[in-house]
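Chemist: First the structure, which I've put down as structure tokens, then a few questions once you've had a look.
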Amino acid sequence: MDIGIDLGTANTLLYARGQGIVLNEPSVVAVREGSRTALAVGAEAKETIGRTPGSITAIRPLQDGVIGDFEAAEEMIRHFVRKAVPGRRPRTRMVVCVPSGVTPVERRAIVQAAQRAGARAVHLVEEPMAAAIGAGLPVSEPRGSMVVDIGGGTTEVAVISLGGIVTARSLRVGGHRLDAAITDFVRKEHGLLIGERTAEDIKVAIGSAWPVPESEGAGQSPSDKGGGGRRAGAFEMRSFAVRGREKVRGLPKTVDLTVKEVRAALDEPVEAIVAAVRATLEDCPPELSGDVMERGIVLTGGGALLPGLDLRLTSATGIPVTVADDPLDSVALGCGRCVEDFDALQRVMTAA
Ligand code: ADP
Ligand code: MG
């Protein structure tokens, strides 16, 4: 039983060989102050964010792409592996995807956590590499492919060729920063206090990075996944009734937010992502940037679902941009490919 693990800052996914993705839960652990024992892990723990009594804290062990809390990270991995693959796990090989910003010490901690969860052998694969493989890019060919993986805590930009990362950047801007930008905007402009989960709801419902054209919302837009049947051009007209607590009087209050307002709120972190993509392109050897120019940039990670991000990047770089199919699954599917085709893909991984 070999397992691939996408240890994301927002979501952790497990892929079991021959089965596909078998677990997909938020990377959150709820602990009681002082005792250090996990009260809840994953979806159940995320429910508690912002709702816990003082004595319970909801921890994101991988907050900004670095492991902020080793014990919680270990507890989380162990819990998820047991849940997804119950029973004995003899001779399990694990391929774990780690954000490329993690330090050697953190790598060792992840390896240890995987071993304690029952791994016989642990192999690590860098997040942008896994994302590119999962998105179906020809990473082993002598041609440049560019992938931009926008997760919760980080965005990873990389140009890959011949099974290796040629040039890359990792910035601590991702979905969580977009949520925080909305929280700040609503507080400053409307005097309303909201929690991080409400901010995320607003982003997912009406967030965008560029005016969303009429043709989108007609069915091809990635943002339409699951939404179904939205009328063409209707996106720009949407609004969101936000409930929160009034800053001054402290009473509950509702405010209507427009698509334009939310786009303005998101502008700064979105621009940081755009700048990282441009800087990575500037670092790219000419032959490879020619390849990227021709073949385009592929977006993965949950942030790829932000409507108009593709258009914003195209307008900033002049390069076509596409969103991977099921961008939230790309990294896990890439880890999965490594597990299924271990020998062929061995060169993209590092053994621990
Ligand atoms: P990670 O790999 O760091 O765990 P993910 O790739 O799972 O992150 O992406 C999670 C992020 O994607 C969250 O910040 C979430 O708010 C964001 N996200 C999910 N769906 C959407 C959407 N439709 N629009 C914008 N952002 C989204
Ligand atoms: Mg990820």
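Chemist: Looking at this structure, is GLY136 within 18 Å of the chain's Cα centre (by Cα), closer than 25 Å to GLY101 by Cα, open to solvent by less than 10 Å² (accessible area, probe 1.4 Å) and not aliphatic (A, V, I, L, M)?
Modeler: No.
Chemist: Continuing with this model, one more query. Just for the range 1-22: of the residues that are aliphatic (A, V, I, L, M) and open to solvent by 10 Å² or more (accessible area, probe 1.4 Å), which one is nearest to ligand 1 (Cβ to nearest atom)? Walk me through it before giving the result.
Modeler: Narrowing the range 1-22 to residues aliphatic (A, V, I, L, M): 1, 3, 5, 7, 10, 13-14, 16, 21-22.
Narrowing the set further to residues that are open to solvent by 10 Å² or more (accessible area, probe 1.4 Å) leaves 1, 10, 21-22.
Numbers: MET1: 24, ALA10: 3, ILE21: 12, VAL22: 16 Å.
Result: ALA10.
A quick yes/no check of all residues on (1) of a type in the set (Val, Ile, Thr); (2) under 21 Å from VAL348 (Cα atoms); (3) open to solvent by 60 Å² or more (accessible area, probe 1.4 Å):
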site: VAL81; (1), (2), (3): yes, no, no
site: GLY87; (1), (2), (3): no, no, no
site: PRO90; (1), (2), (3): no, no, yes
site: SER100; (1), (2), (3): no, yes, no
site: GLU106; (1), (2), (3): no, yes, no
site: ILE110; (1), (2), (3): yes, yes, no
site: ALA121; (1), (2), (3): no, yes, no
site: VAL125; (1), (2), (3): yes, yes, no
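Chemist: Please enumerate the residues belonging to the range 304-347 that are in a helix (DSSP H, G or I), within 15 Å of ligand 1 (Cβ to nearest atom), under 25 Å from ARG263 (Cα atoms) and open to solvent by 10 Å² or more (accessible area, probe 1.4 Å).
Modeler: LEU305, ASP310, LEU311, ARG312, LEU328 - these are the residues of the range 304-347 that are in a helix (DSSP H, G or I), within 15 Å of ligand 1 (Cβ to nearest atom), under 25 Å from ARG263 (Cα atoms) and open to solvent by 10 Å² or more (accessible area, probe 1.4 Å).
Chemist: Return the residues of the range 315-336 that are touching a Phe, Trp or Tyr at 6+ places or on another chain (Cβ under 9 Å) and either away from ligand 2 (no atom under 15 Å from the Cβ) or aliphatic (A, V, I, L, M) (or both); say none if nothing qualifies.
Modeler: The answer is SER315, ALA332, LEU333.
Chemist: What strands (runs of 3 or more DSSP E) completely inside the range 138-215 contain at least 1 residues that are over 21 Å from LEU305 (Cβ atoms) and not basic (Lys, Arg)? Spell out how you get there, then give the answer.
Modeler: On the way: elements: 145-150, 155-161, 164-171.
Hits in the range 138-215: 155-161, 164-171.
The values are calculated or read from the model by the stated rules, or taken from the named source; none is laboratory data. This structure is a prediction, so every number in the text was calculated from the model and none was measured. Note that we place each Cβ from the backbone using ideal geometry, even for glycine, and neighbour counts take in every protein chain shown. Only protein heavy atoms, including side chains, enter the accessible area calculation; ligands, DNA and RNA are left aside. Shrake-Rupley method; radii C 1.70, N 1.55, O 1.52, S 1.80 Å.
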